[in-house]
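Just so it is clear, none of the values below were taken in a lab; they were calculated from the coordinates. Fair warning: this is a prediction, and the values are worked out from it, not measured in the lab. With ideal geometry, Cβ positions are generated from the backbone for all residues, glycine too; neighbour counts draw on all protein chains shown.
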Amino acid sequence: TQLLEQSPQFLSIQEGENLTVYCNSSSVFSSLQWYRQEPGEGPVLLVTVVTGGEVKKLKRLTFQFGDARKDSSLHITAAQPGDTGLYLCARQRPYPNEKLTFGTGTRLTIIP
Amino acid sequence: EPEVTQTPSHQVTQMGQEVILRCVPISNHLYFYWYRQILGQKVEFLVSFYNNEISEKSEIFDDQFSVERPDGSNFTLKIRSTKLEDSAMYFCASSDSGTLLYNEQFFGPGTRLTVL
């Protein structure tokens, strides 16, 4: 089983601070997806990264795919209380419509 | 905006009873999935479904589980004889054909199953 390890597991910071969370594996990904999940809801896709070294921005969120495509990071600038949630990374095998394998998750709390 | 819907939002059942969890995927999607999330644990794949048959299933998806697409809109997960350890959030997801490398799966809000 190819595990996706996310760190930190929990993170609690003040509103306005910056933060970075990580998703790591020993194996190469063909693509990696980041999801956000709020309590009582399903995961919502934020972004998909495909190319090694790729950087994608979604407002205050910056996603980076490692050059070797084994790891990824999510950086949030000037965190807001609305950023609170469970952040999940997920991978798929490089075939169409394969299952998602999720990481262990980072539970982020932004304190107003 | 189209979305995946699931009913019921919460199901409480006695151990040994049968439950059916229902999902309405996004209308033009062709690929359907069930995942589950035990409280405090990560989201786990159960089964994928395409063209009226199972594409892949995990080791969790044993003979007690079955899926069905009884009509053009619903996608159901049945657990024949529930066990305490089946208590979890169950998420339905659907997708279109995607690209060669990945597809974007859209998740429903989940059904919380509690087995007593």
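What are the GluC sites (Glu not before Pro) within the stretch A:15-112 that DSSP puts in a loop, where the Cβ has at most 15 other Cβ atoms within 10 Å?
Answer by residue number: A:Glu15, A:Glu17.
What lysines sit close enough to A:Lys99 to cross-link, taking a C-alpha to C-alpha distance under 16 Å and skipping anything fewer than 8 places away on the same chain?
Of all the lysines, those that pass the test against A:Lys99 - Cα under 16 Å, at least 8 places apart if same chain - are B:Lys42, B:Lys57.
Rg over Rh of the protein assembly as shown, using C-alpha atoms and the Kirkwood radius, what does it come to?
Ratio of gyration radius to Kirkwood radius: 0.97.
Express the relative contact order of chain A as a whole percentage, based on alpha carbon pairs under 8 Å and six or more residues apart in sequence.
On the way: 284 pairs, mean separation 40.1, N = 112.
Relative contact order for chain A comes out at 36 percent.
Suppose we keep just the DSSP beta bridges with both residues in the stretch A:5-107; what percent of those would be antiparallel, to 5?
Antiparallel bridges make up about 95 percent of those DSSP assigns within the stretch A:5-107.
Based on the Cα gyration tensor of the stretch B:22-113, what are the three equivalent ellipsoid semi-axes, each the root of five times an eigenvalue, rounded to whole Å and given largest first?
21, 15, 12
For B:Thr114, which sequence-distant residues (separation of 5 or more, or a different chain) have an amide H within less than 5 Å of its own amide H, given hydrogens modelled in the peptide plane?
B:Gln11, B:Val12, B:Thr13
List the trypsin sites (Lys or Arg not before Pro) within the stretch B:66-107 that fall in a DSSP loop (any state other than H, G, I, E or B) and whose Cβ has at most 11 other Cβ atoms within 10 Å.
Those that pass, being in a loop and sparsely packed, are B:Lys83.
Just add up the charged neighbours of B:Ala88: K/R +1, D/E -1, any other residue whose Cβ is under 14 Å from the Cβ of B:Ala88.
Summing Lys and Arg as +1 and Asp and Glu as -1 gives +1.
Quick one: putting +1 on the C-beta of Lys and Arg, -1 on the C-beta of Asp and Glu, what dipole do you get for the protein assembly as shown around its Cα centre, in Debye to the nearest 20? Spell out each step's value before the answer.
Details: 20 positive and 25 negative charges, 49 e Å.
Approximately 240 debye in magnitude.
Using Cβ counts within 10 Å as a stand-in for footprinting exposure, how do A:Lys70, A:Lys99 rank, fewest first?
Values: A:Lys70 16, A:Lys99 22.
Least to most surrounded, the residues fall as A:Lys70, A:Lys99.
Give me the one-decimal nm value for the distance between modelled label points at B:Thr13 and A:Glu15, 7 Å along each residue's Cα-to-Cβ direction.
Using points 7 Å along Cα→Cβ, the separation is 4.3 nm.
With contacts defined as alpha carbon pairs under 8 Å and 6 or more residues apart, what's the relative contact order of chain B in percent?
Relative CO of chain B lands at 37 percent.
For peptide B:52-59, what's the mean number of Cβ atoms from other chains within 10 Å of each residue's Cβ?
1
As a test, work out the antiparallel percent of DSSP beta bridges whose residues both lie in the protein assembly as shown, rounded to the nearest 5.
90
May I ask you to sort A:Leu100, A:Leu11, B:Leu116 by Cβ crowding, counting other Cβ atoms within 10 Å and putting the fewest first? List each step's numbers first, then the result.
On the way: A:Leu100 26, A:Leu11 17, B:Leu116 10.
Fewest to most other Cβ atoms nearby, the residues stand as B:Leu116, A:Leu11, A:Leu100.
When chain B is modelled as a GNM with alpha-carbon springs shorter than 10 Å, which of B:Val47, B:Val19, B:Val67 fluctuates the most?
B:Val19
Quick one: order B:Leu84, A:Leu74 by neighbouring beta-carbon count within 10 Å, fewest to most.
Neighbour counts put them in this order, fewest first: B:Leu84, A:Leu74.
Take the alpha-carbon centre of the stretch B:49-116, take the same for the stretch A:1-80, and report the distance between them in whole Å.
Result: 25 Å between the Cα centres.
Residue by residue through B:33-43, how many Cβ atoms from other chains fall within 10 Å of the Cβ on average?
Details: counts 4, 0, 5, 0, 7, 0, 0, 2, 3, 11, 12.
Shielding by partners across B:33-43 averages 4.
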